[in-house]
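The structure appears right after this line, and notes come after that.
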Amino acid sequence: MKRIVSGITPSGDGSVHIGNYLGAVRQFKELSRSHDCFLFVADYHALTTVQDKGQLQKNIETLILHELALLGDLTNITFYRQSDINGLHTELQSILNNVTPLGLLKRAHAYKDKLQKDTAEDDVNVGLFSYPMLMAADILLYKPDLVPVGKDQKQHVEITRDVAGRFNKTYKKNIFNLPEPYIPEEVATILGIDGKRKMSKTLGNIISIFDDEKIIEKQVMGTYTDPTRAHATDPGHVAGNMVFTYLDFFGEKEKVAQLKELYTKGQVSDIEVKKYLYESLMKTFAPARARYADLAAHPEKVKVILDRGRQHALAVASKTMEEVREAIGLRNAYSIGPSTPASPAGGSLGTSISIDDFSRVEMTVGNVVEATNKEGSDKLIRLVVDFAEEKPRIIFTAVRPFGYTPEYFLGKQFFFVTNLAPRKMMDEESRGMIMAVDSDTEKKPLFVSAEGLTVGAKIR
Ligand code: ADP
Ligand code: TRP
């Protein structure tokens, strides 16, 4: 499978509207059927414009929920936050800065456009100036084949290719491949409800996806139709009529064709057509809206997704950074361990971790409600464990070689680590780990009994 990388910036208010959906999210979903996709929230990128702590926090949260709700199934998608990759994005940016000529960045649109908008050079921050370098790092860390972007970002991908080539040439090693920008042809810019300008949050001409139904209804009712039509009985125009433009995407083909015909004959009112658009939007986005409500109510589910994405992305990015550090001469006789730790604690064996690090480990009292030997395995015992959560969890333990049987666990209480990223074992995901103590006398792990403690209680 070819690999793609793309980022989304939590600027504006972080929300996703139908223009973003049609222009970006939908294509990405389509691409994910046949590509290995890395999709990240470009939270460092947002710092060029969002410099209010509360606003940034909110934007990131909103964007994560909206994207996850719209994507739904994450098959082939690694979803993560740029700032969760142990600083590797910014480390590579720093390194790439040194093989990049100043002129290349001076010619970049984001910076040039800002200068043209009568902004003095002193009012442009260096973050905006070096934005294409961060973007190059975002991309090159994952060695993708393609980078799907809007037209406005094409130049940034070209800069990325240029910089990748310069790096390879400088260090005489082909570390980076040169990814192609991928700009889906059929993606036209969606106009806003004013029918004049691109749908955009800053212009306030959007139809939102996750707002209150009343708000969306109001946006639909305010959509530009045909200004030449005064009464429902006047023949109306369909071309340029935004309600029909949107209906072409969201309505049922036959019903839309029928409405168009009635509209041109003056046999259906604007209100009726708008009502149908509203219903169609609600129908199209019902599953996403339900997922949104569920994720918003369960932050732990969102964290599990982000943690899983982070682990995968970090593994790939760490490998690239190892190669980069080696190629440029940062690795030498006095390098200590892997230069890019794979865990936030920095802990390979022997390194001590802080109390804060340790407090991130969540240990919970669980009651084993089912225990069976896992079919097809000679090691695994499959536990179903109640933590007084919505549903019990499946947790595997590989202790049959030590003589343990399911009966040993059934109906008893133990301590479990409950905030591990899920791990697929055979055909099922194990969502946690039972705690055991190594014993030197017994040559087998011993389990710590939590008998008599409250199920679901956390250990501190
Ligand atoms: P906004 O302009 O609303 O702030 P962004 O600039 O954050 O949106 O764009 C996020 C993604 O959505 C980009 O890939 C962009 O190409 C796409 N996009 C934004 N607005 C539209 C639109 N009106 N029509 C099609 N695609 C859009
Ligand atoms: N700059 C992109 C935008 O504004 C977002 C982005 C950041 C990105 N890093 C990226 C896109 C890497 C593709 C690849 O839309």
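The values are calculated or read from the model by the stated rules, or taken from the named source; none is laboratory data. Worth saying up front: this structure is predicted, and the values here are computed from it rather than measured. As a convention, Cβ positions derive from the backbone with ideal geometry for all residues, glycine included, and neighbour counts pool all protein chains shown. The area values use the complete protein model at the heavy-atom level, side chains included, leaving out ligands, DNA and RNA. Shrake-Rupley method; radii C 1.70, N 1.55, O 1.52, S 1.80 Å.
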> Among LYS201/LYS391; LYS198/LYS218; LYS301/LYS444; LYS143/LYS424; LYS201/LYS260; LYS214/LYS260, which pairs are too far apart, with a Cα-Cα distance over 31 Å?
Replying inline: LYS201/LYS391; LYS301/LYS444
> Roughly how many debye, to the nearest 20, is the charge dipole of the chain about its Cα centre, given +1 on each Lys and Arg Cβ, -1 on each Asp and Glu Cβ, and no other charges?
Replying inline: 840 debye
>> Let me check against my output: what whole-number percent is the relative contact order of the range 3-182, with C-alpha pairs under 8 Å and at least 6 apart?
In response: 25 percent
> Spin-label point model (7 Å from Cα, Cβ direction): what's the ILE355 to HIS237 distance in nm?
Replying inline: 7.2 nm
>> I'd like the orientation of helix 131-140 relative to the chain: the angle between its Cα long axis and the longest Cα principal axis, in ° from 0 to 90, rounded to 10.
In response: 50 degrees
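Would you please give the FRET efficiency between LYS319 and MET433, computed as 1/(1 + (r/R0)^6) with r the Cβ-Cβ distance and R0 = 25 Å, to the nearest 0.05?
On the way: r = 25 Å, r/R0 = 1.02.
Efficiency, rounded to the nearest 0.05: 0.45.
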> Out of every Cα pair in the chain, what percent are spaced more than 30 Å from each other?
Replying inline: 58 percent
> On the accessible surface of the chain, probed at 1.4 Å, how many percent belong to carbon and sulfur atoms?
Replying inline: 52 percent
> Over the C-alpha atoms of the range 345-439, what are the Rg and the largest Cα-to-Cα span, Dmax, in Å?
Replying inline: 14.3, 40
> Expressed as a whole percent, how much of the Cα-Cα distance distribution for the range 213-284 exceeds 14 Å?
Replying inline: 54 percent
>> Just to be sure I understand the model, the point goes 7 Å from the Cα along the line to the Cβ. What's the resulting SER449 to ASN373 distance in nm?
In response: 2.6 nm
>> I need the shape label for the range 94-222. Rule: rounded when a/c is under 1.5, else prolate if a/b > b/c, else oblate, with a, b, c from the alpha carbon gyration tensor.
In response: prolate
> Which of the trypsin sites (Lys or Arg not before Pro) found in the range 31-93 are loop residues per DSSP with 14 or fewer other Cβ atoms within 10 Å of their Cβ?
Replying inline: ARG33
> Under a 5 Å amide H to amide H cut-off, with H placed in plane at 1.01 Å, what residues pair with ASP13 once short-range neighbours are removed?
Replying inline: none
>> With a cap of 16 neighbouring Cβ atoms within 10 Å, and only residues DSSP puts in a loop, list the GluC sites (Glu not before Pro) found in the range 183-248.
In response: GLU185, GLU186
>> At 1.4 Å probe radius, can you tell me the per residue accessible area of the range 3-182 in Å²?
In response: 44 Å²
> Residues in the range 49-73 near a label at MET1, defined as backbone nitrogen under 13 Å from the 7 Å Cα→Cβ point?
Replying inline: 73
>> Could you give each residue of the range 210-217 its phi-based ³J(HN,Hα) in whole Hz, using Karplus coefficients 6.51, -1.76, 1.60 with θ = phi - 60°, and x for Gly or Pro?
In response: 10, 6, 3, 3, 4, 5, 5, 4
> If you take the Cα atoms of the range 35-105, find Rg, then find the Kirkwood Rh from the mean of 1/r over all pairs, what is Rg/Rh?
Replying inline: 1.05
>> Just to confirm, what accessible area per residue do you get for the range 361-460 at 1.4 Å probe, in whole Å²?
In response: 58 Å²
>> Tell me the per residue accessible area of the range 200-247 using a 1.4 Å probe; a whole number in Å² is fine.
In response: 51 Å²
>> In the range 367-409, whose amide N lies under 16 Å from the spot 7 Å out along Cα-to-Cβ of GLU442? List them in ranges.
In response: 398-409
>> Tell me the relative contact order for the chain as a rounded percent, counting alpha carbon contacts under 8 Å between residues six or more apart.
In response: 12 percent
> Taking LYS303 as the anchor, which aspartates and glutamates have their alpha carbon closer than 17 Å to its alpha carbon, excluding any fewer than eight residues away along the same chain?
Replying inline: ASP43, GLU61, GLU67, ASP73, ASP84, ASP294, ASP357, GLU362, GLU389, GLU390, GLU429
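Which loop trypsin sites (Lys or Arg not before Pro) in the range 147-191, with loop taken from DSSP, have no more than 15 other Cβ atoms within 10 angstrom of their Cβ?
LYS172, LYS173
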> How high is the relative contact order of the range 81-159, in percent, counting Cα pairs under 8 Å that sit 6 or more residues apart?
Replying inline: 37 percent
> If you take the beta carbon distance between THR90 and ALA257 as r and set R0 to 35 Å, what does 1/(1 + (r/R0)^6) give as a FRET efficiency, to the nearest 0.05?
Replying inline: 0.10
> lysines within cross-link reach of LYS106: Cα-Cα under 25 Å, excluding same-chain residues under 8 positions apart?
Replying inline: LYS114, LYS117, LYS151, LYS154, LYS169
